[in-house]
Amino acid sequence: MIKDKLKTYIDILNGMEDTMDRYTWLMDFGKKSAVLPDKHKLKEFEVPGCQSQTWLVPHFTYDDKIYFVADSAALISKGMVCLLADVFSNSTRSDIASFEEKELSGLELDNLLTPGRRNGVYSMLKVIQSYGSRKD
């Protein structure tokens, strides 16, 4: 399920030849995503390593699934964190924990993002995986 959703976004982004079109799509995706209520913009949900304030809030269900909502102070970061939140939402902890970082390579982040923003994306992934490996 994670890989299928990720492939959808890879196909969308890689279907655009122009980098500016990819940026625009990513920012529009962020703009169209739900706004995170201020009550969830807490330090405990902040993603460390991001250039701008970024939050990733998990919601755990009784059937071991995790859903994520996300937001960021910067539009490109918001687009990326909301994309990742969508990719990993409705997944089990074990599916999230077994996801390998290299699988993000299809997004071609090296061509799309600055090194600082790329590091932020990998920080987002680490936070998601940390929720997937929690035992509570």
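The values are calculated or read from the model by the stated rules, or taken from the named source; none is laboratory data. Fair warning: this is a prediction, and the values are worked out from it, not measured in the lab. Reconstructed Cβ throughout: ideal geometry from the backbone, glycine too, with neighbour counts over all protein chains shown.
Values computed for the structure shown
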| quantity | calculated |
| --- | --- |
| Among (1) surrounded by fewer than 17 Cβ atoms within 10 Å (Cβ to Cβ); (2) in contact (Cβ under 8 Å) with a residue 40 or more places away in the chain; (3) outside any helix (DSSP H, G or I), the one test that Asp28 misses | (3) |
| Tally, over the stretch 1-25, of residues that are outside any helix (DSSP H, G or I) and surrounded by 12 or more Cβ atoms within 10 Å (Cβ to Cβ) | 2 |
| The stretch 63-80 - residue that is assigned to a helix (DSSP H, G or I) and of a type in the set (Gly, Ala, Ser) and, of those, surrounded by the most Cβ atoms within 10 Å (Cβ to Cβ) | Ser77 |
| Criterion violated by Glu44 - all others in (1) surrounded by fewer than 21 Cβ atoms within 10 Å (Cβ to Cβ); (2) part of a helix (DSSP H, G or I); (3) in contact (Cβ under 8 Å) with a residue 12 or more places away in the chain; (4) not aromatic (Phe, Trp, Tyr) satisfied | (3) |
| Residue count, the stretch 91-136 (criterion: touching a Ser or Thr at 6+ places or on another chain (Cβ under 8 Å), farther than 21 Å from Asp63 by Cα and crowded, with 17+ Cβ neighbours inside 10 Å) | 4 |
| Exclusive hit being crowded, with 17+ Cβ neighbours inside 10 Å, out of contact with any Leu (no Cβ under 7 Å at 6 or more places or on another chain) and not β-branched (Val, Ile, Thr), set Phe60, Phe88 | Phe88 |
| Test: residue in the stretch 83-104 that is at pLDDT below 95, of a type in the set (Lys, Arg) and closer than 18 Å to Arg22 by Cα | no |
